[in-house]
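S.K.: Below is the structure I would like to discuss, written out as structure tokens.
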Amino acid sequence: MSAVRFVPALLAVLALAACNRADSADREEREERAEENPLIEMQPEAARRDPRTQIFLARGCAQCHAISRLQVVSPTNVGPDLSTAAADVPRRFGVQLDQFLRSPTGTMQIVLSGQIQLSVQERDSIVALLRRLDTNNP
Ligand code: HEC
């Protein structure tokens with residue numbers, strides 16, 4: 001291979017290496033951020049590892065809500081334990097859980113229209129998770 005033909009190949013390899021480095025730097029940064037997130041840090045190992053808890057930790061629900069059945073703890077416990085929300089919401093608010101999260105009242109109206117905006121998928125996941133968690137739920 002002549003030197004001239006070799007140069008583009010070399011550049012391609014260097015560019016690829018640079019990309020890989022950037023990817024792993026990103027990943028490390030994300031992991032560091034997770035470690036620095038006190039809400040995640042304060043969770044017991046079981047809660048931190050459980051895939052079912054991730055959305056509640058990532059979206060900050062645990063800031064105000066414990067979920068005792070998933071061993072999720074809250075630094076404030078401002079809101080009720082979400083373990084039995086699927087059964088509690090109809091009793092307290094007169095609507096099903098999915099309806100409540102779609103058009104919440106009270107504190108959650110303020111939270112979900114400002115501080116935390118849920119996508120439709122996130123809301124569906126949360127409803128499904130909380131329904132499965134609550135064994136009293138019909
Ligand atoms: C800033 C604090 C705060 C955050 C953050 C928060 N909540 Fe709440 N939540 C409350 C409070 C307080 C209540 C009690 C209802 C009321 O007073 O209106 C509540 C009530 C609820 C209820 C009804 C529970 C029941 O048993 O009646 C559900 C469900 C709920 N929140 C889900 C969530 C989810 C899901 C998230 C994350 C996306 C979240 N909350 C984030 C404060 C919060």
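S.K.: What does the charge count near Ser83 come to, summing +1 for each Lys or Arg and -1 for each Asp or Glu among other residues with Cβ under 12 Å from its Cβ?
M.R.: Numbers: positive: Arg52, Arg69, Arg131, Arg132; negative: Asp81, Asp88, Asp134.
Summing Lys and Arg as +1 and Asp and Glu as -1 gives +1.
S.K.: Under 5 Å between amide H atoms, partner at least 5 residues away or on a different chain: which partners does Val72 have, H built in plane at 1.01 Å?
M.R.: The answer is Ile67.
S.K.: Expressed as cubic angstrom per residue, what is the convex hull volume of the alpha carbon set of the range 43-133? Present the calculation step by step, with values, prior to reporting the outcome.
M.R.: Details: hull volume 7.8 nm³, N = 91.
It is 85 Å³ per residue.
S.K.: For the range 43-133, with only Lys/Arg (+1) and Asp/Glu (-1) charged at the beta-carbon, what is the dipole magnitude about the Cα centre, in debye rounded to 20? If you can, show how the numbers build up before the last one.
M.R.: Details: 11 positive and 7 negative charges, 23 e Å.
My answer is approximately 100 debye.
S.K.: Can you list the residues, at least 5 places off or on another chain, whose amide H is less than 5 Å from the amide H of Arg59, using H built in the peptide plane?
M.R.: Amide H neighbours of Arg59: none.
S.K.: Hey, rough spin-label estimate for Thr105 and Val78, points 7 angstrom out along Cα→Cβ, what's it come to in nanometres?
M.R.: Spacing of the two 7 Å Cα→Cβ label points: 2.1 nm.
FYI, it's all coordinate maths here, none of it is from the lab. This one's a predicted model, so the numbers in the text were calculated from it and none came from an experiment. Here Cβ is always computed from backbone atoms with ideal geometry, including for glycine, and neighbour counts include all displayed protein chains.
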